[in-house]
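Written below as structure tokens is the structure these notes are about.
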Amino acid sequence: MDSSRLETLCIHAGQVVDSATGAVTLPIHLSTTYQRAPDGSFPNGFIYTRDGNPTRHALETCLAAIEGGGAALAFASGSAATMSLFQALGPGGHVIAPHDAYYGTGALLRDIIGPWGLGSTFVRMTDLAEVERALQARKGASGRTLLWIETPSNPLVRVSDIGALVELAKAIGALVAVDNTWATPVATRPLELGADIVMHSTTKYLGGGSDLLGGALVLRDEDELFDRVRAVQKAGGAVPSPFDCWLLLRGIRSLVWRVRAHSANAMAVARAVATHPAIERVNYPGLASNAYHALATRQMAAEGTPLYGGMMSIEVRGGRAEALAVTGRVQLVTRATSLGGPESLIEHRASIEGAQTQSPESLLRISVGLEHADDIVADLMQALDGLHPR
Ligand SMILES: *Cc1c(COP(=O)(O)O)cnc(C)c1O
């Protein structure tokens, strides 16, 4: 029986009926410590919960399965997952990352791990020639080189060509990691496209409820890099709580269906708001007019049908004041950061990113939720009417 389809893996991978009780949903194992057998061994493999926990183990099995990887590690946040990978590269290593990476990733590279000895170069990841130059500059260098891809990007929703970037990276023996938080494994399959590592902020679509913080790294094999990241996880201890692991397993069960609905709603919202006279531009790769439409249609079609995701940004006519006026008028859509939950969220990115921001002042990022599409559209349209009546 073929039960390797994503819908089925999301529900069953890592989830086994509890042999002690018959419980169909996984118990939450809160115990921090595990009994030794009389001979001093640990018959079930668990010793101490930072090192390994049954609920986390089930989650890690599930995460590896849904990304098509050989092994996964769960962390306390997406940032902790990113940091652990950077630490595993070691001093003398080098990360080539996009200018418009998640701002926390850029801040880690510049302010935290840079002074520790991991170099970084920031590039326009959609410009293959520029990426190739940055990679070639590392040819023959000592220390590992990692190409860090984030697609679609935040907040301009630019799509990078994972397959083409992998080819450039492999030419100099660089590793490739993809932050797949926005696309999710439902739309994009980085490991199948040749990437070595997938990273997630599971806080977002995988959790799906805006009620847990988590991160993950999925690797192709339990290889030497895996062992290094595992050592950082174990010694550094940035692990998720058993309860957060359990919430995340529950969220993943409905992932496929939620991502389809987020994508359908986002398409409806993008098409509708694009017609409003207060709108300068809508950044959403599902729109035929978008510069990344053809690439996204190919790359974000893991199931055959393209799913452009639930994230978009809009640029209003004017600047900061006009953008903030729109956020001040929304009634259903919530003014808050983050993404991937059932409720639609809107945010002025330049305000939260501060001085280093690359985001236009006129830009608002929208996480399109699972409310009725007509209700989301009506709310955004009335908010935009305040700038420029239809
Ligand atoms: C939120 C986010 C992160 C950081 O994850 P946390 O769980 O908040 O630490 C990294 N990358 C992307 C694309 C994100 O959206």
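The values are calculated or read from the model by the stated rules, or taken from the named source; none is laboratory data. Predicted, not measured: the structure shown is a model, and the values here were computed from it. Cβ: placed from backbone, ideal geometry, glycine included. Neighbour counts: every protein chain shown. Just so you know, the surface numbers come from the protein's heavy atoms only, side chains and all, with ligands and any DNA or RNA stripped out. Shrake-Rupley method; radii C 1.70, N 1.55, O 1.52, S 1.80 Å.
Comparing Cα centroids, the stretch 324-355 and the stretch 131-174 end up 31 angstrom apart. Placing unit charges on each Cβ (+1 for Lys and Arg, -1 for Asp and Glu) gives the chain a dipole about its Cα centre, and among Ser41, Val256, Gly328 the Cα reaching farthest toward its positive end belongs to Gly328.
When only the Cβ of Lys, Arg, Asp and Glu is charged (+1, +1, -1, -1), the dipole of the chain relative to its Cα centre reaches about 340 debye.
With the convex hull built on the Cα atoms of the stretch 1-55, state its orientation-averaged projected area in nm². Walk me through the numbers on the way to the answer.
Numbers: hull surface 22.0 nm².
So the Cα hull casts an average projection of 5.5 nm².
All other residues whose Cβ lies under 12 angstrom from that of Val198 are scored, Lys and Arg at +1 and Asp and Glu at -1, for a net of -3.
Expressed as a whole percent, the accessible surface of the stretch 1-125 that belongs to carbon and sulfur atoms is 56, based on a 1.4 Å probe.
If you average 1/r across every pair of different Cα atoms in the stretch 164-215 and take the reciprocal, what Kirkwood value do you get, in Å? Numbers along the way, then the final one.
Numbers: mean 1/r = 0.0841 Å⁻¹.
Result for the stretch 164-215, one decimal place: 11.9 Å.
With all pairs of different C-alpha atoms in the average, the Kirkwood value for the hydrodynamic radius of the chain is 21.7 Å.
From the protein chains alone at 1.4 Å, what is the descending order of accessible area for Trp116, Trp246, Trp182, largest first?
Working: Trp116 110, Trp246 60, Trp182 25 Å².
Final ranking, largest accessible area leading: Trp116, Trp246, Trp182.
About the Cα centre, and with charges only on the beta carbon of Lys, Arg (+1) and Asp, Glu (-1), how big is the dipole of the stretch 215-314? Nearest 20 debye, please.
Numbers: 11 positive and 8 negative charges, 71 e Å.
The dipole of the stretch 215-314 has a size of about 340 debye.
Counting only protein chain heavy atoms and rolling a 1.4 Å probe, the accessible areas of Phe86, Phe46 rank, largest first, as Phe46, Phe86.
Once the Cβ-Cβ distance between Ala164 and Glu224 is put in as r, and R0 is 25 Å, what FRET efficiency do you end up with, to the nearest 0.05? Provide the component values of the computation, followed by the final result.
Working: r = 27 Å, r/R0 = 1.07.
That gives a FRET efficiency of 0.40.
Average accessible surface for the chain: 41 Å² per residue, computed with a 1.4 Å probe over protein heavy atoms with every protein chain in place. Most tightly packed first, judged by the mean number of other beta-carbon atoms within 10 Å of their residues, the peptides 152-162, 355-365 read 152-162, 355-365.
Within the stretch 1-142, the proportion of Cα pairs with more than 23 Å between them is 57 percent. A straight Cα-to-Cα reach below 22 Å connects Lys139 with the lysines Lys170, residues fewer than 8 places away in its own chain not being considered.
Using a probe of 1.4 Å, the accessible surface attributed to Lys204 totals some 30 Å² when neighbouring protein chains are kept in position. Computed over protein heavy atoms with a 1.4 angstrom probe, the accessible surface ordering of Phe226, Phe122, largest first, is Phe122, Phe226.
Comparing Gly69, Ser359, Ala268 along the charge dipole axis of the chain, the residue lying farthest to the positive side is Ser359, per the Cβ-charge model.
Computed from Cα positions, the angle between helix 373-385 and the longest principal axis of the chain comes to roughly 50 degrees. In this simple spin-label approximation, Phe42 and Ser19 carry label points 7 Å from Cα along the Cα→Cβ vector, and these lie 1.8 nm apart.
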